[in-house]
1. It is to be established whether one or more residues within the range 21-37 are in contact with a Cys (Cβ under 7 Å, 6 or more places away or on another chain) and under 19 Å from residue 119 (Cβ atoms).
2. Of the residues that sit in the range 14-62 and are in a helix (DSSP H, G or I) and near the ligand (Cβ under 7 Å from one of its atoms), which one is surrounded by the fewest Cβ atoms within 10 Å (Cβ to Cβ)?
3. Tell me which of these residue 6 doesn't satisfy, since it passes every other one: (1) of a type outside the set (Asp, Glu); (2) within 8 Å of the ligand (Cβ to nearest atom); (3) touching a Ser or Thr at 6+ places or on another chain (Cβ under 9 Å).
4. Using beta carbons and a limit of 7 Å, which pairs, at least six apart or on different chains, have the first residue in the range 75-98 and closer than 22 Å to residue 44 by Cβ and the second one hydroxyl-bearing (Ser, Thr, Tyr) and in a loop (DSSP other than H, G, I, E, B)?
5. Among (1) within 28 Å of residue 1 (Cβ to Cβ); (2) more than 13 Å from the ligand (Cβ to nearest atom); (3) free of Cβ contacts under 8 Å to residues at least 40 places away in the same chain; (4) aliphatic (A, V, I, L, M), which single condition is residue 119 missing?
6. Tell me, please, whether a residue that is under 13 Å from the mean Cα position of the chain (by Cα), of a type in the set (Phe, Trp, Tyr) and under 18 Å from residue 11 (Cβ atoms) can be found in the range 42-49.
Amino acid sequence: MFERLVYHSKATQEFGSLGLFKLLTEAQLRNEQLQITGHLLFLNGEFTQCLEGPPAHIEQVWQSIHRDPRHCEVQILARHRTDERRFAEWSMAFSTHSSFYVHGMRGFFPVDDAGESPLVSMCSI
Ligand SMILES: Cc1cc2nc3c(=O)[nH]c(=O)nc-3n(C[C@H](O)[C@H](O)[C@H](O)COP(=O)(O)O)c2cc1C
């Protein structure tokens, strides 16, 4: 049994490619250790993230994310138990504008003009 948590937040700082690269690589490393998978969308200074994994590990990471000063107005959109992962292949896939791509970013999906990528719709509640 897994837990899926989806939240929305607003960045408190101007994120550039390197700031996002650092955030993403740290998240992917810790998520791998905790068997967490998911997807992070960054558009117009706002984040929408879907986290899925063992409930105790989701809670652990959520406590860290929730108090992270790099974002604010953190609001849970959904939190429920589930039998299957949607993002099993990604310790944290990442969708944003292609201009933010940094060589070496893993799980990067560029969004189109409508802010969509193949993974964005999978993040719906
Ligand atoms: C938008 C956003 C998404 C994040 N996603 C994750 C994540 O998926 N996994 C993770 O371990 N940390 C993530 N972090 C980083 C955590 O907030 C935190 O800095 C990191 O886990 C270290 O935890 P600690 O401060 O409790 O030591 C994210 C931070 C932000 C701002």
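1. Filtering the range 21-37 down to residues in contact with a Cys (Cβ under 7 Å, 6 or more places away or on another chain) leaves none.
No, the conditions are met nowhere in the range 21-37.
2. The initial filter retains those residues of the range 14-62 that are in a helix (DSSP H, G or I), namely 17-33, 55-62.
So of that shortlist, the ones also near the ligand (Cβ under 7 Å from one of its atoms) come out as 23, 26-27, 30-31, 61.
Values: 23: 20, 26: 11, 27: 21, 30: 16, 31: 20, 61: 18.
Ranking the candidates gives 26 first.
3. (2)
4. Listed by first residue and then by second, the contacts come to 95/117.
5. Of (1) within 28 Å of residue 1 (Cβ to Cβ); (2) more than 13 Å from the ligand (Cβ to nearest atom); (3) free of Cβ contacts under 8 Å to residues at least 40 places away in the same chain; (4) aliphatic (A, V, I, L, M), only one is false for residue 119: (3).
6. Of the range 42-49, the ones under 13 Å from the mean Cα position of the chain (by Cα) are 42-43, 46-49.
Going one step further and asking which of them are of a type in the set (Phe, Trp, Tyr), we end up with 42, 47.
Keeping just the survivors that are under 18 Å from residue 11 (Cβ atoms) gives 42, 47.
Looking through the range 42-49, at least one residue is under 13 Å from the mean Cα position of the chain (by Cα), of a type in the set (Phe, Trp, Tyr) and under 18 Å from residue 11 (Cβ atoms).
Computed from the coordinates by the stated procedures, all read-outs in this text should not be read as laboratory data. The shown structure was predicted, so the numbers you read here are calculated from the model rather than taken from an experiment. Here Cβ is always computed from backbone atoms with ideal geometry, including for glycine, and neighbour counts include all displayed protein chains.
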